Amino acid sequence: MKKSMKWILFGFALVGFLTLGVVPAWSAPGLLQLASRAGFWANDFPDTAMLIQHFYHYSSDEIWVGDGEKQESQDLTIEASFTRLVRAWHFGEDKQYQYVLEGIVPLYNLSGEETSRDAGDNFSLSGLGHPLIYTSLGWNNPTKTTHIQSFLIWQVPVGDSDIMNAIGGNNHALMPGLGVQERFGNIWLDGSVGYLYNFEDLDSDAKARDVFEVNSSVSYRFSAPYPWWIYMQGDYTRYMEGDDENGNNLGNDGHNYAIAPGIGACIRPNMTLDVKYTMDVDGENTSKGNAINVRFFWAF
């Protein structure tokens, strides 16, 4: 497989942090579920500037309540766009180490329909989300069959406070984690684990739910003048209990299982396009919905 293809795959690093917290009858998927792709944890970024444009659409009209039973809920639609500027550097013997620095600017549009006639609970919100800073340090063996990365994500609360309060919280947040990749010829295995810690809201004692995630995917690479690949992704997300504005525990811990088939292709030597379809399959105190996740990558 061409070298350009290898680093383009990693160029799909980090979704712009849709760690969306809680809105009426809803709680979003975890960060790694949204961010990961086939080849996600490869140390194959080029030593240059890059742009990643991400589009996300999620819809739901059901939730899993505290006992895991499924119920109808308010029709919810989430649309998001992420503009991501990336720079990578390699160093060490045979350039086996990779350092990545990335800035992410998110835009959100949330809307919900009334649950019943004259209920008055429909809403529509749009705005600039809190920007995010992603940094990672990776290592791979000389044959590039084994890749390991440690990463840290910081949510900086300088965006629109109204949209962020609806999304989950107007707060700082940190997510450390670890990702690995193993290649067996055309079959690549990726896996990661991370913990998102939400600090208290800047304006009250409210605290969005912390999130623990385990993510994995298996992909198959097809050799061609412009290579392409297919994959299946699986995700487990555990939500810890959050606090209300007075600091009282909300008793809203829960979990979510999701699967996502996907396909991607190198459309030019320095460009790639990737699409996956995510389906929530089981949960507790979380929404049940489906999402389309599209990313375009361009190395200058």
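Rolling a 1.4 angstrom probe over the protein heavy atoms with all chains in place gives segment 76-299 an accessible area of 45 Å² per residue. Distant-in-sequence amide contacts of Asp282, defined by a placed amide H-H separation under 5 Å and a gap of 5 or more residues or a different chain, comprise Tyr257.
With r defined as the distance between the Cβ atoms of Glu69 and Glu93 and R0 fixed at 51 Å, what FRET efficiency is calculated, to the nearest 0.05?
Working: r = 56 Å, r/R0 = 1.10.
The pair Glu69/Glu93 has a calculated efficiency of 0.35.
Work through the residues other than Val214 whose Cβ is under 13 Å from its Cβ and net out their charges, Lys, Arg +1 and Asp, Glu -1. Here the charged neighbours net out to -2. Amide H contacts of Ile267 (H built 1.01 Å from N, in plane; Pro and chain starts excluded): Thr272, Leu273 sit under 5 Å, all sequence-distant by 5 or more or on other chains. Compared with the alpha-carbon gap, the fully stretched path from Trp139 to Thr77 is longer by 18.4 nm at 0.36 nm per residue.
Close amide H pairs (under 5 Å, H built 1.01 Å from N) link Gly127 with Tyr108, residues at least 5 positions away or on another chain. Considering segment 105-193 at the alpha-carbon level, its Rg and Dmax are found to be 19.8, 65 Å. Of interest is the spacing of the C-alpha centroids, which for segment 221-282 and segment 172-194 amounts to 12 Å. For the options Gly39, Gly169, Gly242, a Gaussian network treatment of the chain with springs between C-alpha atoms closer than 10 Å singles out Gly242 as fluctuating the most. Once the Cα-Cα distance is subtracted from the 0.36 nm per residue extended length, the Leu273 to Val294 segment shows a gain of 6.8 nm. The reciprocal of the average 1/r between distinct C-alpha atoms defines the Kirkwood hydrodynamic radius, which for the chain equals 19.5 Å. A simple spin-label model places the labels of Phe123 and Asp203 1.2 nm from each other, with each point 7 Å out along Cα-to-Cβ. In this simple spin-label approximation, Leu152 and Asp244 carry label points 7 Å from Cα along the Cα→Cβ vector, and these lie 3.5 nm apart.
What does the charge count around Ser111 come to, taking other residues whose C-beta lies under 9 Å from its C-beta (Lys +1, Arg +1, Asp -1, Glu -1)?
Values: positive: none; negative: Asp75, Glu79, Glu113.
My count for the surroundings of Ser111 gives -3.
Taken over the chain, lysine pairs spaced eight or more positions apart, or on distinct chains, with alpha carbons under 21 Å apart number 10.
Let me have the relative contact order for segment 76-299, percent, based on Cα pairs under 8 Å that are six or more residues apart. Each step should come with its number before you reach the end.
Numbers: 579 pairs, mean separation 22.6, N = 224.
It rounds to 10 percent for segment 76-299.
Only helices enter the 222 nm calculation for the chain: every DSSP H run of n ≥ 4 contributes -39,500 (n - 2.57), and dividing by all residues gives -1500 deg cm²/dmol, rounded to 500.
Inter-label distance, His172 to Met232: 4.2 nm, where each label sits 7 Å from its Cα along the C-beta direction.
Would you mind counting up the charge near Ser59? Only other residues with Cβ under 10 Å from its Cβ, with Lys and Arg at +1 and Asp and Glu at -1. The answer is -3.
The values are calculated or read from the model by the stated rules, or taken from the named source; none is laboratory data. Small disclaimer: the values here were computed from a predicted structure and weren't measured. Methodologically, a virtual Cβ is constructed for each residue, glycine included, from the backbone with ideal geometry; neighbour enumeration extends over all protein chains shown. Just so you know, the surface numbers come from the protein's heavy atoms only, side chains and all, with ligands and any DNA or RNA stripped out. Shrake-Rupley method; radii C 1.70, N 1.55, O 1.52, S 1.80 Å.
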